[in-house]
Amino acid sequence: MKLVHKDIEKDNAGQVTLIPEEAEDMWHTYNLLQVGDSLRASTIRKVQTESSTGSVGSSRVRTTLTLCVETIDFDSQACQLRVKGTNIQENQYVKMGAYHTIELELNRNFTLAKKVWDSVVLDRIEQACDPAQKADVAAVVMQEGLANLVLVTPAMTLLRAKVEVTIPRKRKGSCAQHDKALERFYEAVMQGILRHFNFDVVKCILVASPGFVKDQFISYLFKEAVRQDCKILLENRSKFMVVHSSSGHKYSLKEVLCDPAVTARLSDTKAAGEVKALEDFYKMLQQEPDRAFYGCFSVASCIFQNMHTVIVFSFRHWRDFMRLSCRAFLDTSILMVINFFKFRS
């Protein structure tokens, strides 16, 4: 994310102009937006025109609209963000008060205005615009015929590619078809790794699968790297780590990241922080429940009594609070807790 312009007054009202540069930036933008905000962005609008003869035609035109946000829809798989609202600024194609849906696009700037910019949202912008906050952990979660190539960022898990190849079963006396299909599958996964993983940024690549699929793939990968003289794979061989998973589906990544060996290996990466914090919380909840607290008011009590060590805050719950009728009270209460925690830390 790139910050183009920031104009926030002393009363915390104002606007910022941002440019989303990669898919993860849409997730950050989703967490910045709230109902009632003002969003100005470039969009496509279908307009009808009437000629002098009375015939009616339609065309799609690109224009810039300013909407009062009413509905926010985020597709986590495609990383697409759609914002629906009413037009609040004069436009030659769209009347005042007319509804429109803007789909935010990569590398096109947008301006977001709020009546109050709180510290949580401002921290989110700072995090999104920090060039160091990049995906430094990658993973290949696989089984025979299926592989998911993902990037693990401090904010979310991004599916970069899904490889599916039909693997015929071994037949009695002949394994040729099975072996050929398996080789095609491994080759496709190898090309996916080279295409989607930036080895200059990624510090660790986890290769996880049930059984011996992961070991066979790693053996094939570096055998082919030597044969093809693929220096980028050979120079980064130490970054690959083989781990067990129950399946090749994306959800298995959660159990992989909880593996103690993986946690130790990822100790210097940004993605490991939240995983370790949650693991410690669940462990303490089981072993010493009197020392583990959750919920806004219980956590607030611990913080005000200086009894806290780590606080984990979920943006999903923040968005849920924004929809409640007691929004103003909850908003202020949670911000007090967070700001006091930062002060004491």
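The values are calculated or read from the model by the stated rules, or taken from the named source; none is laboratory data. What you are looking at is a predicted structure, and each value in this text was computed from that prediction instead of being measured. Counting neighbours? That spans all protein chains shown, and the Cβs are built from the backbone with ideal geometry, glycine included. These area figures cover heavy atoms from the full protein model, side chains too; ligands, DNA and RNA do not enter into them. Shrake-Rupley method; radii C 1.70, N 1.55, O 1.52, S 1.80 Å.
How about the stretch 3-103: which GluC sites (Glu not before Pro) there are in a DSSP loop, with at most 13 other Cβ atoms within 10 Å of their Cβ?
Listed in order of number, the matching sites are 9, 21, 90.
Once the Cβ-Cβ distance between residue 115 and residue 5 is put in as r, and R0 is 22 Å, what FRET efficiency do you end up with, to the nearest 0.05?
0.75
Lys/Arg Cβ at +1, Asp/Glu Cβ at -1, dipole of the stretch 35-178 taken about the Cα centre: which of 139, 102, 122 is farthest positive-ward?
Final value for the positive-end residue is 139.
Gap in Å between the Cα centre of the stretch 63-141 and the Cα centre of the stretch 191-214?
31
Got a sec? What order do 40, 227 fall in by accessible area at 1.4 Å, biggest, i.e. largest, first?
Largest to smallest exposure gives the sequence 227, 40.
Please go through the residue pairs 223/254; 84/203; 95/115 and name each one whose alpha carbons sit more than 32 Å apart in this structure.
Listed pairs above 32 Å: 84/203.
With a Förster radius of 30 Å, plug the Cβ-Cβ distance of residue 251 and residue 226 into 1/(1 + (r/R0)^6) and report the FRET value to the nearest 0.05.
Efficiency computed from Cβ-Cβ geometry: 0.30.
For labels at residue 290 and residue 191 in the simple 7 Å Cα→Cβ model, what's the distance in nm?
About 6.2 nm, to one decimal.
Compute the Cα gyration tensor for the stretch 73-169, then decide on rounded, prolate or oblate, letting a ≥ b ≥ c be the square roots of its eigenvalues: rounded whenever a/c is under 1.5, prolate when a/b is larger than b/c in the other cases, and oblate in all that remain.
Oblate, because a/c is 1.5 or more while a/b does not exceed b/c.
If R0 is 30 Å, what FRET efficiency do you get for residue 74 and residue 175 from their C-beta distance, rounded to 0.05?
0.05
Between residue 64 and residue 278, 0.36 nm times their residue separation minus their Cα-Cα distance comes to what?
Here the segment from residue 64 to residue 278 would lengthen by 72.8 nm.
Full-extension gain between residue 183 and residue 219, please, as 0.36 nm times their residue separation minus the C-alpha to C-alpha distance.
Computed gain between residue 183 and residue 219 is 11.8 nm.
With every protein chain left in place, what is the accessible area of residue 79 in Å² (1.4 Å probe, nearest 10)?
Surface open to solvent at residue 79 totals about 20 Å².
If you place +1 on the Cβ of every Lys and Arg, -1 on the Cβ of every Asp and Glu, and leave all else neutral, what size is the dipole of the stretch 2-129 about its Cα centre, to the nearest 20 Debye?
500
List the trypsin sites (Lys or Arg not before Pro) within the stretch 63-163 that DSSP assigns to loop and that have no more than 14 neighbouring Cβ atoms inside 10 Å.
Hits after loop and neighbour filter: 95, 108, 115.
Cut-off 20 Å, label point 7 angstrom out along Cα-to-Cβ of residue 106: give me the residues of the stretch 186-224 whose amide nitrogen falls inside.
191-203
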